[in-house]
Amino acid sequence: MTTITGAQAVVNCLREEGVKTIFGYPGGAVIDLYDELMDATDLEHILVRHEQAAVHAADGYARATGEVGVALLTSGPGATNGVTGIATAYLDSIPIVILTGQVPTPLIGNDAFQEVDIVGITRPCTKHNFLVNRKEDLVQVMREAFHIARTGRPGPVLVDLPKDLIKAQVKFDDKKPLRMQSYQPNYEPHPGQIAKAGELITQSQRPVLYVGGGVILSDGYQELRDLAKLLNMPVTMTLMGLGSYPGDDDLSMGMLGMHGTYTANMAVSQCDLLISVGARFDDRVTGTLETFAPHAKIIHIDIDPTSISKNVKVDVPLVSDCKRALAELLKWFQNSSSTVSEFRGEAFSDWHAQINSWKEAHPLTYQKDDSDIIKPQYVVEMLDELTNGEAIITTEVGQNQMWAAQFYRYAHPRHFLTSGGLGTMGYGFPAAIGAKMAMPEKTVIDIAGDASIQMCIQELATVKQYNCPIKIAILNNQFLGMVRQWQELFYEKRYASTVMDVAPDFVALAEAYGAVGLRATKKSDVKAVIQEALSTDNTVLMDFEISREEGVYPMVPAGKATTEMLLV
Amino acid sequence: MKHTLSVLLQNKPGVLSRVTGLFSGRGFNIESLCVAETMEKDVSCLTLVTRGDDNIIEQITKQLHKLIDVIKVTDASEGSFVEREMVLIRVKAEAHTRAEVLRVIDIFRGKVVDVSAKSYAVEVTGSPSKIQAVIEILQPIGIKEIIRTGTIAIGRAGKNK
């Protein structure tokens with residue numbers, strides 16, 4: 001056991017957890033921590049330009065790698081600026097640890113300068129949070145924070161560090177295995193439930209695998225692929241699940257829900273068995289609950305018991321890590337070879353014929369014409385083509401997000417980073433920075449809207465400082481596009497506050513920050529602009545002037561059944 | 001339907017607000033709530049009474065259990081249990097009603113804990129329905145103040161334990 005300063009203890013704990021990169025912004029309450037970090041050359045600190053971006057970048061880092069992302073913010077406004085990022089990570093179950101400075105313990109509760117009760121503020125949007133109020137607790141709290149963030153259903157954990165404890169002398173001992181009396185997440189599926197699920201599958205004629213972010217979080221995509229292939233079962237993914245199953249595989253029906261494919265929504269409405277894996281029956285997926293999968297028995301695999309039977313009553317609940325449940329199901333089928341052989345080959349042939357007829361009748365598409373107007377979907381298709389589907393794509397929120405989800409075919413998990421639950425505009429660019437810092441060899445593209453890119457555009461300075469070349473594709477329609485689309489469809493085209501025709505010259509703005517700006521105004525320019533961006537070793541902002549009133553289709557109007565889609 | 005939930009918690013600052021924040025944030029209802037230390041100094045027991053159909057109670061139980069500082073959640077209503085609540089009532093007690101108040105309190109096995117020229121403060125312990133009954137009976141005499149503790153509960157031991 002050694003005695004060191006609180007700041008040294010925090011840095012040691014970060015090392016212990018394998019942290020290599022921290023995203024943050026200094027301030028008075030964390031000045032001692034920053035002083036210590038200056039000597040910790042093995043920990044790279046990325047100075048962002050707004051605290052929201054620090055948390056999004058830590059989140060992007062976590063989504064791209066599966067490791068815990070770390071953000072460091074000062075007290076008061078530094079901490080409150082991070083709240084949107086924290087809530088974003090919470091809604092998508094992303095493991096991050098947020099360290100916030102706090103005023104010295106004797107001043108807590110006195111309305112001191114830059115004091116805010118950040119533990120109180122973030123209680124409903126963190127998996128757990130701590131105010132360290134005794135120096136003896138500091139090391140243990142840091143260790144518990146990382147443990148809680150990465151285990152069970154992952155999520156953000158905030159640790160509030162009063163300045164006097166950072167300066168105090170604390171005892172530091174070696175890490176022992178953690179055991180928390182009140183926190184022991186269950187990973188293993190119940191064998192009886194696996195058997196029940198297996199039997200339901202063998203009895204089904206029209207099954208659908210409905211896959212969410214849980215498969216990616218648990219790294220269960222290989223097991224998912226093996227199971228889908230073994231049983232020849234069609235797969236649909238939620239927004240968060242994209243990449244867990246290859247988008248261009250025959251068994252993939254693409255995304256389901258409000259902007260899902262015709263095939264996926266029809267298949268869910270007709271299936272007799274819905275196998276939900278790491279998804280949570282979100283309202284954007286189900287539409288009206290009464291009409292969702294009305295003929296189906298439901299198997300629900302989720303590590304979080306609260307997700308099960310929250311929105312939809314299920315027949316076979318399976319509280320488990322998705323990867324392990326899928327592996328056990330695979331084993332169950334491999335051990336009962338007689339049933340499996342019936343499944344292979346001709347299995348579900350009528351069902352597949354039906355699905356193929358839906359695919360042919362209404363494929364995912366858009367109105368194509370001979371004009372030289374740029375369609376946003378075309379831009380995404382070209383990004384897909386010119387990166388061979390291998391880039392990490394991040395998105396902002398709105399139409400850009402949906403087109404990015406629909407028209408890029410994600411072959412791999414952890415390649416589509418998007419704010420699914422909270423729907424945070426401003427997420428994509430800082431998340432791209434986090435992903436690129438983690439994986440410098442990867443091409444990272446933020447597919448953005450002209451409105452949402454402006455919410456964290458100051459990070460152009462960060463990418464300049466760290467030579468972190470991100471590609472930004474702005475689908476510029478001079479509208480707050482998704483809200484405009486709703487106004488067009490449901491508010492008699494009354495475009496209240498959604499016209500965004502006052503905007504900076506994005507190309508000039510990029511150049512002002514030391515990045516490269518490119519503009520495409522014609523469809524025939526698109527390919528060349530993307531090619532130039534991809535071959536430039538710098539951050540490149542591509543401004544695509546797209547057809548202004550293009551909509552995202554299919555679309556299920558709010559409050560309707562998912563079969564009541566508006567099609568192209 | 002009414003449910004009495006018994007929740008064992010880590011006895012740490014802010015834990016109670018995690019529980020109450022969960023109820024307000026998710027739109028669940030709390031009818032009463034009582035919390036204090038248990039035999040172990042670092043564990044508290046929180047007893048709360050809530051209402052809802054089976055699905056809501058299931059969600060409440062699971063959501064409570066999901067809180068990192070919650071050790072155990074028991075729905076007392078699922079088994080056989082004893083429920084108790086205490087009430088302090090200040091009731092008017094003037095010359096012509098003093099004897100009547102004492103008789104009522106005696107019937108309910110309560111006791112007088114404070115006396116003034118014009119009122120008694122009385123203490124009654126019992127099941128929530130008994131507490132309701134004593135309040136209703138004293139009402140016509142004139143109640144000036146009521147302070148209730150909320151319900152606490154303990155499971156009955158099995159016959160062969």
Run residue A:458 past the list (1) out of contact with any Cys (no Cβ under 9 Å at 6 or more places or on another chain); (2) closer than 26 Å to residue A:244 by Cα and report the number of the one that doesn't hold. (2)
What residue, of B:75, B:69, is under 23 Å from residue B:155 (Cα atoms) and either of a type in the set (S, T, N, Q) or more than 21 Å from the chain's Cα centre (by Cα) (or both)? B:69
Of the listed residues (A:254, A:220), the one being surrounded by 24 or more Cβ atoms within 10 Å (Cβ to Cβ), in contact with a helix residue (DSSP H, G or I) (Cβ under 9 Å, 6 or more places away or on another chain) and not aliphatic (A, V, I, L, M) is A:220
Inspect region B:21-31 for any residue being within 14 Å of chain A (Cβ to nearest Cβ), at pLDDT 95 or above and in contact with a strand residue (DSSP E or B) (Cβ under 7 Å, 6 or more places away or on another chain) and give the result as yes or no. yes
All but one of (1) surrounded by 21 or more Cβ atoms within 10 Å (Cβ to Cβ); (2) of a type outside the set (S, T, N, Q); (3) over 28 Å from residue A:81 (Cα atoms); (4) within 24 Å of the chain's Cα centre (by Cα) hold for residue A:441; which doesn't? (1)
So which residues in region A:470-494 are among the hydrophobic types (A, V, I, L, M, F, W, C) and under 23 Å from residue A:527 (Cα atoms)? A:470, A:472, A:473, A:474, A:475
Taking region B:29-53, which residues are part of a loop (DSSP other than H, G, I, E, B) and either touching a Leu at 6+ places or on another chain (Cβ under 7 Å) or of a type outside the set (D, E, K, R) (or both)? B:29, B:30, B:38, B:39, B:52
Need the failing condition index for residue A:240 against (1) hydrophobic (A, V, I, L, M, F, W, C); (2) outside any helix (DSSP H, G or I); (3) within 25 Å of residue A:305 (Cβ to Cβ), just the number. (2)
Among the residues in region A:337-359, are any farther than 19 Å from residue A:224 by Cβ, touching a helix residue (DSSP H, G or I) at 6+ places or on another chain (Cβ under 6 Å) and at pLDDT 95 or above? yes
Residue list for region A:318-336, restricted to those being closer than 24 Å to residue A:150 by Cβ and either at pLDDT below 85 or not aliphatic (A, V, I, L, M) (or both): A:320, A:321, A:322, A:323, A:324, A:328
Lone qualifier among B:142, B:150, B:158 - being small (Gly, Ala, Ser) and over 30 Å from residue B:74 (Cβ atoms): B:142
Looking only at region B:32-74, count how many residues are within 29 Å of residue A:141 (Cβ to Cβ), among the acidic types (Asp, Glu), surrounded by fewer than 17 Cβ atoms within 10 Å (Cβ to Cβ) and within 14 Å of another protein chain (Cβ to nearest Cβ). 2
Show the residue pairs meeting these rules: Cβ distance below 9 Å; 6+ apart or different chains; first residue within region A:106-125 and within 12 Å of another protein chain (Cβ to nearest Cβ); second residue modelled with pLDDT under 95. A:108/A:133; A:119/B:14; A:120/B:14; A:123/B:14
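The values are calculated or read from the model by the stated rules, or taken from the named source; none is laboratory data. Everything quoted here is computed from the prediction, not taken from an experiment. Please note: Cβ atoms are built from the backbone with ideal geometry, for glycine as well, and neighbour counts cover all protein chains shown.
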